[in-house]
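Reviewing the structure listed below.
The values are calculated or read from the model by the stated rules, or taken from the named source; none is laboratory data. These numbers come from a predicted model, not from an experiment. Here the Cβ positions follow ideal geometry from the backbone for every residue, glycine too, while neighbour counts run over all protein chains shown.
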Ligand SMILES: [Mg+2]
């Protein structure tokens, strides 16, 4: 039987491509379609946890009742492998880069045992604390504020980057938009 410890990403990708190409499904696999399929399969992973308590899930795992979860994870991996192939992304390299990036955002000495976002850990943003204050009531006599026209920055809208990360060159842009996160499909599309 195969094992993660003896199989490579490249071998998995070759197998997935052979599966796809034997069925002539590449014609349906534009990057957008692959991204959609990836997201749909990720949702199927969530479906397995719906309406289950943590204790119920833990008991299921202890009984090794995880076949369905394994198959859904394989579906996700299938699309990750295809999307990375179609976009020329080397997954091992991308993972290396992303872990290094996250290690700078979340240094062990700041983040160990903590769940706060890096903006809070680095002191860019204060942790939200409930103040007990409610929002002021609207004054019906006050005129509506002027409607401002949005201006588009050259190169399109960008998210604000934390100053320290920008200074140190650690963070060119927020990683949330990156291709971060690809099983046997029920259908080609
Ligand atoms: Mg599935």
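For region 29-57, what are the residues that are in a loop (DSSP other than H, G, I, E, B), farther than 19 Å from residue 89 by Cα and away from the ligand (no atom under 16 Å from the Cβ)?
51, 52, 53, listed by residue number.
Out of 28, 49, report the one residue that is more than 17 Å from residue 77 (Cβ to Cβ) and in contact with a helix residue (DSSP H, G or I) (Cβ under 7 Å, 6 or more places away or on another chain).
Answer to the check: 49.
Per-residue answers, yes or no, for (1) assigned by the TED database to the domain that holds residue 9; (2) assigned to a loop (DSSP other than H, G, I, E, B); (3) touching a strand residue (DSSP E or B) at 6+ places or on another chain (Cβ under 9 Å); (4) away from the ligand (no atom under 15 Å from the Cβ):
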position	(1), (2), (3), (4)
27	yes, no, no, yes
65	yes, yes, no, yes
69	yes, no, no, no
73	yes, no, no, no
84	yes, no, no, yes
110	no, no, no, yes
